[in-house]
Amino acid sequence: MELETVLDYVFSYQVILLVLIVIGLKSSIKFVPQNRAYIIERFGKYNTTLEAGLNFIVPFIDTVAANRSLKEQAGDVPEQSAITKDNITLSVDGVLYFKVVDPYKATYGVEDYTFAVTQLAQTTMRSELGKMELDKTFEERDLLNTNIVSALNEAAAPWGVQVLRYELKDINPPNSVLDAMEQQMKAERLKRAQILESEGDRQAAINRAEGDKQAIVLAAEADREEQILKADGEAQAIIRVAQADAEAIETVGKAAATQEGQKAVQLELAKGAIQAKEKIAKESSIVLLPDSGTEIGSVVAQAMTIANAIGKKA
């Protein structure tokens, strides 16, 4: 009897209604995490997009069709072959950074937006590499990445996906091209070394020439200064000698005006006359002199007459 009562109570419409209400409330409340979005469909048709936070839907009618992440995602772009503008085959791969900006388009615009963006990145990368020569692919990676991102964003706009960055990881040319590039780099380094060496030799020659020029200029200046100093010295010596002769003549003249000076002059003149005759006799074997001039006294008298005349004029 008691069992029947319990069963009647369990299967009563009130309990069933309460259970249905609890299940309905649980189904109608949706907590959406941060940086995620829920796509809600009603009877198989898009109804709304739930954003982060507490949301309510109609139970048993509305369903969550897709759960999209709004965070930035990174995906590897598989290695592939590409031909450059100068017909060199390269093996390249990369990394793609993107995020969903429109959950509706990411759900209904494409079946798998991650696969679609990756495939689009591969084809775009091949297209951009085909516009560049081999050397440019190494020198202008930033430009290449920028062009790929621009092309991807233009093509991926209907999918609700925004490409943030694209980075080339590896660019692998064939071994023959690598060998040629290595030889080219060696030639370039050798060329730069030879240029630097020649520049050094030229600068050294210029420095030596400048040094020789400076040495010649300094030697000429030193010689000129030496000649100037020598000329100044000789001029000073001539002036000093002339001054000494003038002073000596003046002193002799003053002394000759006295009686003792006259005697001294006579004695000096007699000595000079004797020395002159001795010199003449040594230098020549024949000496012709007037009779009146053979005597010392006569020579002295003549010399005194000349000296007195000079003294009176003075």
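Listed by first and then second residue, the pairs linking a residue in segment 29-41 that is in contact (Cβ under 8 Å) with a residue 40 or more places away in the chain and open to solvent by less than 40 Å² (accessible area, probe 1.4 Å) to a residue that is assigned to a strand (DSSP E or B) and aromatic (Phe, Trp, Tyr), with Cβ atoms under 9 Å apart and 6 or more places separating them unless they lie on different chains, are 39/46.
If you check residue 128 against the conditions, is it among the charged types (D, E, K, R), part of a helix (DSSP H, G or I) and within 47 Å of the chain's Cα centre (by Cα)? Walk me through it before giving the result.
Details: among the charged types (D, E, K, R): yes; part of a helix (DSSP H, G or I): yes; within 47 Å of the chain's Cα centre (by Cα): yes.
Spelling it out, residue 128 is indeed among the charged types (D, E, K, R), part of a helix (DSSP H, G or I) and within 47 Å of the chain's Cα centre (by Cα).
Scoring residue 156 on the criteria (1) within 30 Å of residue 46 (Cβ to Cβ); (2) touching a Gly at 6+ places or on another chain (Cβ under 9 Å); (3) surrounded by 18 or more Cβ atoms within 10 Å (Cβ to Cβ) leaves a single failure, condition (2). Those residues that are aromatic (Phe, Trp, Tyr) and surrounded by fewer than 17 Cβ atoms within 10 Å (Cβ to Cβ), I need them from segment 53-101; list them, please. Answer for segment 53-101, where residues must be aromatic (Phe, Trp, Tyr) and surrounded by fewer than 17 Cβ atoms within 10 Å (Cβ to Cβ): 56, 60, 97.
Here is the figure for segment 102-116: residues that are crowded, with 16+ Cβ neighbours inside 10 Å and either on the phi > 0 side of the Ramachandran plot or charged (D, E, K, R) (or both) total 2.
Could you please find all residues in segment 42-63 being outside any loop (DSSP other than H, G, I, E, B) and free of Cβ contacts under 8 Å to residues at least 12 places away in the same chain?
Restricting attention to segment 42-63, the residues satisfying the condition of being outside any loop (DSSP other than H, G, I, E, B) are 42, 45-50, 53-56, 62-63.
The answer is 45, 48.
With respect to residue 224, determine if the residue is over 35 Å from the mean Cα position of the chain (by Cα), surrounded by 10 or more Cβ atoms within 10 Å (Cβ to Cβ) and in a helix (DSSP H, G or I).
Details: over 35 Å from the mean Cα position of the chain (by Cα): yes; surrounded by 10 or more Cβ atoms within 10 Å (Cβ to Cβ): yes; in a helix (DSSP H, G or I): yes.
Against the criterion (over 35 Å from the mean Cα position of the chain (by Cα), surrounded by 10 or more Cβ atoms within 10 Å (Cβ to Cβ) and in a helix (DSSP H, G or I)), residue 224 qualifies.
Within segment 188-213, restricting attention to residues that are among the hydrophobic types (A, V, I, L, M, F, W, C) and open to solvent by less than 60 Å² (accessible area, probe 1.4 Å), the residue that is farthest from residue 135 (Cα to Cα) is 209.
Counting the residues of segment 36-74 that are modelled with pLDDT of 90 or more, under 22 Å from residue 20 (Cα atoms) and touching a helix residue (DSSP H, G or I) at 6+ places or on another chain (Cβ under 9 Å) gives 0. Every listed requirement among (1) of a type in the set (Val, Ile, Thr); (2) touching a Phe, Trp or Tyr at 6+ places or on another chain (Cβ under 7 Å); (3) at pLDDT 90 or above is met by residue 118 save one, (2).
For segment 125-137, a residue qualifies if it is under 14 Å from residue 78 (Cβ atoms) and open to solvent by less than 20 Å² (accessible area, probe 1.4 Å), and exactly one does: 125. Consider residue 158 carefully, then state whether it is in a helix (DSSP H, G or I), at negative phi and touching a residue at least 40 places away in the same chain (Cβ under 8 Å). Considered against the rule, which asks whether it is in a helix (DSSP H, G or I), at negative phi and touching a residue at least 40 places away in the same chain (Cβ under 8 Å), residue 158 comes out as yes.
The values are calculated or read from the model by the stated rules, or taken from the named source; none is laboratory data. Note that the coordinates shown come from a computational prediction; the quantities given were computed from them, not determined experimentally. Cβ sites come from the backbone with ideal geometry, for glycine too, and all protein chains shown count toward neighbours. In case anyone asks, the SASA skips ligands and DNA or RNA and just uses the protein heavy atoms, side chains included. Shrake-Rupley method; radii C 1.70, N 1.55, O 1.52, S 1.80 Å.
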